[in-house]
Every structure is written in structure tokens, then in C-alpha cells.
Amino acid sequence: MNKQLLRLGLLLTVCLLTAAFAGADDAMVPFPTAGDYYCSATNGCGNLTSGGQTAYMWTQGDYIVSSNFTGTGLGSVTGLSYDFQVLDVIGGGNSETVNIMLNNNVVGNFVVPDCGYCGQAMEFTGSFNFGAIGPEGGGYTLEMELTNTLPGGGGSIAFMDGGEFTLSGGGATPEPGTILLFGTGALGLAGLLRRKM
């Protein structure tokens, strides 16, 4: 009898732990990354290459956009964190503010500072929390867009391959495997209880 209760307890614990891990409410997505589309009003549009960078940008509205990330398991997103690099060639006392957007909603921004035309890669990390944003087209699209135009001789920036974002959800959608495993465990539990009675 004690062995049966122990087995029952272990089975239930495994089911609950599996459901908790598989229903995690964070999804890591690459951005900016090779293949992402960018557009510069002065230097044209294209796709980010592996290990490369976008064209130089300095005009309001210049942007880079990700693919639509489907299969994240997130019913909504309420926050994000980021880690990526920007090639900073800004000088002359100027700076560039860049909006970070999720499904066309501005969720935060960061500032690329004057580095004296240094031409060096600067790492940007941070996080934002915001009201729930649901999926569009079955997923989530990230975008970064310049908010101001640098004056002539004020320098430029370029987004570099190799960035990473983590989307944090307010409602994770359980994976089919999790539902199946939990259901199997519940049936096993019901069978043991029935046999006992």
C-alpha cells in the first residue's frame, strides 16, 4: 500500500513538473539576425547578411524588421529583454533614438550616443514591460526604427547580425505533448484509484 502511494505521488509530481516546464512563458528569438529586412532612405534596402550589418542609417523612419515568430507558445506578450549590437559612427554632439516595436506597437526605445565617429560596435541590453500584446499573423514581429534624422556630417548607425530578444508572456499556451503527458498521468492516477477502491 505504501509503495502504491509513493508511485502515485511520483507520477503526479512528474506530470506537474513537466507541465510547468513545457508551459514556460518566455521565448527567445533571434533579432537582428541574418535574413532580416532593413531599409535606409539614403542607402537602400536589403537583407541582413550572416555576420554582417545593415546599410548605414541616419534618417527618421529607417528600420530593420524581423520575420514573424510563430510557434512561441505565447498567448500574449507583456515584456521583453534584448541583447544586440549597433555599429556606432555618430559624432558632432549628436545622438540617435531608436524605437523598439512589437507587432507595430512601440514598447520602448534606446539611445545610440555620440562616440566621436568611433565606428565601434556598441552592445545594448535592457528590458521593457508593457500591456499585453497578442499575436498577429499567428506570431510576433519585432522592429527597430530611427526616430530622428541626424544632420549632415552627424554620422550614422548600422544594426549588426547576432542579436537576441526574449519575449515574456502573460499567457503561455501548453504544447500538445504536455497536454498528452498530463492526460496520460491523470488516466493512470484514475486507474490506480479505481483499482484501490
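Of note:
- Integer Hz, Karplus 6.51/-1.76/1.60 couplings in order for region 32-38, x for Gly and Pro: x, 8, 3, x, 5, 8, 10
- Here the extension length gained between Gln120 and Met28 equals 30.5 nm, from 0.36 nm per residue of separation less the Cα-Cα distance.
- Taking amide hydrogens as placed 1.01 Å from N in the peptide plane, the amide H of Asp26 sits under 5 Å from those of Gly169, each at least 5 positions away in sequence or on another chain.
- When the Cα convex hull of region 32-167 is projected onto planes of every orientation, the mean area is 7.6 nm².
- Near the amide H of Tyr56, within less than 5 Å, lie no amide hydrogens of residues on another chain or at least 5 residues away, with H placed in the peptide plane.
- Highest to lowest packing among 153-159, 134-140, scored as the average C-beta count within 10 Å: 153-159, 134-140
- Placing dummy labels 7 Å off each Cα toward the beta-carbon, the span from Thr166 to Gln60 is 3.5 nm.
- Farthest toward the positive end of the dipole of region 32-167, out of Ser67, Ala132, Asn47, is the Cα of Ala132, where the dipole comes from beta carbon charges about the Cα centre.
Only the coordinates and a few stated rules stand behind these numbers; no lab work does. Every value quoted in this text rests on a predicted model; they were computed, and no experiment measured them. Here Cβ is always computed from backbone atoms with ideal geometry, including for glycine, and neighbour counts include all displayed protein chains.
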